[in-house]
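This report refers to the structure that appears directly beneath it.
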Amino acid sequence: MKKNTFTLIIFLIVGLITGIIIGQLLAPVPALSFLTKSVEISWEPKADLQVVKYQFDLLVKLNLCSIIGLVGAYLLYRKL
């Protein structure tokens, strides 16, 4: 398989989604709550320039499972 930026992005997205799903499956287990506690990172740039007005909201919720999924996907990509 050819290694390029597009392949890396696909691997990272799949790893992130896998980590999120595992985190949601582990949420009911009280002993593993440290893996599923989320931190929200938000960025809201906006401007009103009289001609153009824009507003953009970006919210990212990360937990330890999603970060482990990202790291696992990157390591898997490097093995290709």
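The values are calculated or read from the model by the stated rules, or taken from the named source; none is laboratory data. Only a predicted model underlies this, so the values are computations on that prediction, with no experimental measurement involved. Every residue, glycine as well, gets a Cβ built from its backbone with ideal geometry; the counts of neighbours run over all protein chains shown.
Brief remarks follow.
- Screening F11 with (1) without any contact (Cβ under 8 Å) to a residue 60 or more places away in the chain; (2) under 14 Å from the mean Cα position of the chain (by Cα) gives one miss only, at (1).
- Extreme residue, surrounded by the most Cβ atoms within 10 Å (Cβ to Cβ), among residues of segment 61-80 that are of a type in the set (K, R) and assigned to a helix (DSSP H, G or I): R78
- Among the criteria (1) under 20 Å from the mean Cα position of the chain (by Cα); (2) modelled with pLDDT under 90; (3) surrounded by fewer than 16 Cβ atoms within 10 Å (Cβ to Cβ), the one K3 does not fulfil is (1).
- Here is the figure for segment 33-60: residues that are within 21 Å of I21 (Cα to Cα) and aromatic (F, W, Y) total 1.
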